[in-house]
Amino acid sequence: MTPEELRSRIPESELEFSASRSSGPGGQNVNKVNTRVELRFCITRTSSLSEEEKSIILQKLKKRINSEGEIIVRAQSGRTQLKNREAAEERLFSLLAAALTRKPIRKPGSPTAGSKAERAYRKIKHSEIKKLRRSQDFDSGDDI
């Protein structure tokens, strides 16, 4: 699932925004204007997600969800409230999309001809090294 699909499915009325003073860039503007945006989205109360999707999100994002079942996303890097609001929305939809995307099942393949040849070559080299470590048969030492 993509963030764009979620953006079209979840109505803006289910997203709760609040603004506060930011500690980000902006000089004196930071002291006067509420530019930090906090976005809250309640997973347990939403009607735009199925029960299965809700349970997947609750399981995969359990460290980001508070006791009321809300995901809280904050953005304060922009100089304006609008940019921070857009950044928070984008981050929320990316999180939800990542949680709802299923990883494909890996099918193990057979070794290639090149990898088989490489393995055989390594075995031969290793065998030669071990042969060199064996004790050598010297003469009885009578000529000394």
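Any chance the stretch 93-116 includes a residue that's within 26 Å of the chain's Cα centre (by Cα), touching a residue at least 60 places away in the same chain (Cβ under 8 Å), in a helix (DSSP H, G or I) and loosely packed, with under 15 Cβ neighbours inside 10 Å?
Yes, there is a match, as at least one residue in the stretch 93-116 is within 26 Å of the chain's Cα centre (by Cα), touching a residue at least 60 places away in the same chain (Cβ under 8 Å), in a helix (DSSP H, G or I) and loosely packed, with under 15 Cβ neighbours inside 10 Å.
Condition first: hydrophobic (A, V, I, L, M, F, W, C) and either at pLDDT 90 or above or open to solvent by 40 Å² or more (accessible area, probe 1.4 Å) (or both). Can you find one or more residues in the stretch 23-35 that meet it?
Checking the stretch 23-35: at least one residue is hydrophobic (A, V, I, L, M, F, W, C) and either at pLDDT 90 or above or open to solvent by 40 Å² or more (accessible area, probe 1.4 Å) (or both).
Could you pull out the residue among ILE65, ILE57 that is out of contact with any strand residue (DSSP E or B) (no Cβ under 7 Å at 6 or more places or on another chain) and open to solvent by less than 40 Å² (accessible area, probe 1.4 Å)?
None of the others qualify; the one that does is ILE57.
Would you say ALA120 is over 28 Å from the mean Cα position of the chain (by Cα) and outside any loop (DSSP other than H, G, I, E, B)?
Spelling it out, ALA120 is indeed over 28 Å from the mean Cα position of the chain (by Cα) and outside any loop (DSSP other than H, G, I, E, B).
Using beta carbons and a limit of 7 Å, which pairs, at least six apart or on different chains, have the first residue in the stretch 45-71 and more than 18 Å from PRO11 (Cβ to Cβ) and hydrophobic (A, V, I, L, M, F, W, C) and the second one outside any helix (DSSP H, G or I) and open to solvent by 100 Å² or more (accessible area, probe 1.4 Å)?
Listed by first residue and then by second, the contacts come to nothing, as the list is empty.
From the residues in the stretch 1-43 that are over 16 Å from LEU95 (Cα atoms) and β-branched (Val, Ile, Thr), which one is farthest from the chain's Cα centre (by Cα)?
Ranking the qualifying residues of the stretch 1-43, first place goes to VAL33.
Could you please find all residues in the stretch 72-92 being without any contact (Cβ under 8 Å) to a residue 60 or more places away in the chain and polar (S, T, N, Q)?
Within the stretch 72-92, GLN76, SER77, THR80 meet the criteria.
If you check GLU16 against the conditions, is it open to solvent by 70 Å² or more (accessible area, probe 1.4 Å), in contact with a Phe, Trp or Tyr (Cβ under 8 Å, 6 or more places away or on another chain), free of Cβ contacts under 8 Å to residues at least 60 places away in the same chain and more than 15 Å from LEU100 (Cα to Cα)?
yes
The values are calculated or read from the model by the stated rules, or taken from the named source; none is laboratory data. Please read these numbers as outputs of a predicted model, since none were measured by experiment. Ideal geometry is used to build each Cβ from the backbone, glycine not excepted, and the neighbour counts take in all protein chains shown. For the accessible areas, the whole protein counts, side chains as well, though only heavy atoms, and no ligand, DNA or RNA atoms are used. Shrake-Rupley method; radii C 1.70, N 1.55, O 1.52, S 1.80 Å.
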